[in-house]
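Asks: The structure that follows is given in the form of structure tokens.
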Amino acid sequence: MTTTRAPAECWLIDMDGVLVHEGHALPGAGEFLARLAERERRFLVLTNNSIFTPRDLAARLAHSGLQVPEESIWTSALATADFLSSQMPGGSAYVIGEAGLTTALYETGFTLTDIKPDYVVLGETRTYSFEAITRAIRLVGSGSRFIATNPDVTSPSSEGPLPATGSVAAMITKATGAQPYFVGKPNPMMFRSAMNRIQAHSETTVMIGDRMDTDVVAGIEAGLETMLVLTGSTRASDVARFPYRPTRVLDSIAEAVALV
């Protein structure tokens, strides 16, 4: 039985591979954002990147020629802080990560400490230290709950892939036997927290992403209409390998302008 969805009122948009690639705006990205503003549609730009604050990312997007208010950016760091503050208001955490993660946790009322923290929270960073990882292993081994912002094992760079959160989480898991709870994509919780932020409903919300194994599957599990663009990591020939399908497959975000 085919279910007819209501017209889209809210949009969740993956950032890398959809709007930008290596610091450059992708074709149609500016026009799509302008159409959202023109039609007064609520939206959030999503990213698993936990390094930067929304203000940092808004500035980076502006450098690419894309105007996105910082309040319209939702990161795995924000989703993690939102989740932890709902689980244990006023809790404490030992954090391995950058300003995007530490700021998000601090602003939700968490205390950042390495003395008997409630949680060890792992995010992405460009300066992983042996000392910090060792401390995390000992704290998790002593009973601190293990949380990670996202399961991505690598992140892109101009020189090739870099080890990311999932790779370092695997080291801590190997040493302690403790599996982390990943908050970011493909956990649909990241979409649900984003939807709460803009008061969106699944029946009238669309997710646009470039990956079947994160964006599309999480969107489906959250009950959203899903659109896959082919300007990122997924090729058209890859789609058939997965046991689920996006609602639409688009060559680029440019094709979504007419759908707003």
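What follows is calculated from the coordinates using simple rules that are stated; it is not laboratory data. Since the structure is predicted, the reported quantities are computational estimates derived from the model, not experimental observations. Positions of Cβ are generated from backbone atoms using ideal geometry, with glycine treated the same way; all protein chains shown enter the neighbour counts.
Every residue, every condition in (1) within 22 Å of the chain's Cα centre (by Cα); (2) within 17 Å of LYS174 (Cα to Cα), yes or no:
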{"residue": "TYR94", "(1), (2)": "yes, no"}
{"residue": "GLU98", "(1), (2)": "yes, no"}
{"residue": "THR113", "(1), (2)": "no, no"}
{"residue": "TYR119", "(1), (2)": "yes, no"}
{"residue": "ARG145", "(1), (2)": "yes, yes"}
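Asks: So if I check each of ALA93, ALA99, ALA132, ALA136, which one is of a type in the set (A, V, I, L, M, F, W, C), under 30 Å from PHE43 (Cα atoms) and in contact (Cβ under 8 Å) with a residue 24 or more places away in the chain?
Replies: On inspection, the qualifying residue turns out to be ALA99.
Asks: Quick one: which of GLY123, GLY90, GLY100 is of a type outside the set (S, T, N, Q) and at positive phi?
Replies: GLY90
Asks: Follow-up question, since we're still on this one. Can you spot a residue in the stretch 173-191 that is of a type in the set (Ser, Thr, Tyr) and within 30 Å of ARG41 (Cβ to Cβ)?
Replies: no
Asks: Can you name the condition, by its number, that THR234 falls short on among (1) in contact with a strand residue (DSSP E or B) (Cβ under 9 Å, 6 or more places away or on another chain); (2) within 21 Å of ALA79 (Cβ to Cβ); (3) of a type outside the set (A, V, I, L, M)?
Replies: Evaluating THR234 over (1) in contact with a strand residue (DSSP E or B) (Cβ under 9 Å, 6 or more places away or on another chain); (2) within 21 Å of ALA79 (Cβ to Cβ); (3) of a type outside the set (A, V, I, L, M) leaves (2) as the failure.
Asks: Give the stretch 160-184 a look and list any residue that's touching a Ser or Thr at 6+ places or on another chain (Cβ under 8 Å), among the aliphatic types (A, V, I, L, M) and surrounded by fewer than 22 Cβ atoms within 10 Å (Cβ to Cβ), or say none.
Replies: LEU162
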